[in-house]
Amino acid sequence: MKKTLFLAVTALLTLSSAQAQNTLRLMTYNIKNANGMDNVQNFQRVANVINNACPDAVAIQELDSMTNRSGKTYVLGEIAERTQMHAYFAPIRIQTMALPGREEARTLIMAEFEDYIYCCTHLSLTEEDRMTSLEMIKNFAASAKKPFFLAGDMNAEPQSDFIKGLQKDFQILSNPKVPTFPAPKPEETLDYIVTLKNNTKGFAAISSKVQDESVASDHRPL
């Protein structure tokens, strides 16, 4: 069984396995740089959450690489090692796109596999930036010829204009009625997994779950 890794400030961890031939388990997790609600940075704890979920692909947000905030630690490398993941060198197309964010740089990362496309993002805290990002993502996804999935911390609740606009072109696969933030006692739904409506033929959503993890990060994994 070969595990694979994709790297960016927002990142995708992927697993190539026989399971993916029939079912696809997608996960998104804002890990807050592995700093838990107990103010302890614990890479193994985050890795355990991912390992216990057994996903085929994980969209990860809020992780640093060799910054002062991370104590000069390569955070994704720490998580990858503990999930037994490594860099993937096979011919899978990776593409990134800068998104607007006035608080900090925002990015969309896309990994295209044989049967599907999985994207990860962490959108701006500002509604105007999110709405601009939405148009950019829609244009980006328009040429997709296979199931297109988008996951991440959207920083927007279900009743927001952003999510209402998102639903014109994307179907929400996760349950927006189940909150994901803050982790100890979730009250807001900020994390989503969605798919482009134009490419929903050939698959059906089976279930969605917000994991009952209240300490490892300030968001719960979806």
Labelled set (i) 1.19; (ii) 1.11; (iii) 0.94; Cα Rg over 2.2 N^0.38 Å computed from this model equals the value at (iii)
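Gain in length, THR96 to ASN51, computed as 0.36 nm per residue apart minus the alpha-carbon separation, to one decimal in nm? Write down the numbers at each step before the final one.
Details: separation 45, 0.36 × 45 = 16.20 nm, distance 2.60 nm.
Extra length available between THR96 and ASN51 comes to 13.6 nm.
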Carbon/sulfur accessible area of segment 127-222, % of total, 1.4 Å probe, equals 48
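In deg cm²/dmol and to the nearest 500, what is the mean residue ellipticity at 222 nm of the chain if only DSSP H runs of at least 4 residues count, each as -39500 (n - 2.57), divided by the residue total? Please list the in-between numbers first.
Values: 4 runs with 40 residues, N = 222.
Using -39500 (n - 2.57) per qualifying helix, the result is -5500 deg cm²/dmol.
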Note to self: C-alpha centroids of segment 152-222 and segment 104-146 sit apart, in Å, by 15
Dividing the surface of the Cα convex hull of segment 108-222 by four yields a projected area in nm² of 7.1
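Probe of 1.4 angstrom, ligands and nucleic acids ignored: what's the accessible area per residue over the chain, in square angstrom? Write out the running numbers ahead of the final one.
Numbers: 10770 Å² over 222 residues.
On a per-residue basis, the chain sits at 49 Å².
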FRET efficiency (VAL40, SER160; Cβ distance; R0 45 Å; to 0.05) is 0.90
With R₀ set to 22 angstrom, the calculated FRET efficiency between the beta-carbons of LYS209 and GLU187, to the nearest 0.05, is 0.75
Subtracting the Cα-Cα distance of GLN167 and MET136 from 0.36 nm times their residue separation yields 9.7 nm
Check: in the chain the Lys pairs 8 or more apart or on separate chains whose Cα atoms fall under 22 Å apart number 25
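The values are calculated or read from the model by the stated rules, or taken from the named source; none is laboratory data. Because the structure is predicted, anything quoted here is derived from the model rather than measured. We place every Cβ from the backbone using ideal geometry, glycine too, and count neighbours over all the protein chains shown. Surface areas here come from the heavy atoms of the whole protein model, side chains and all, with no ligands, DNA or RNA. Shrake-Rupley method; radii C 1.70, N 1.55, O 1.52, S 1.80 Å.
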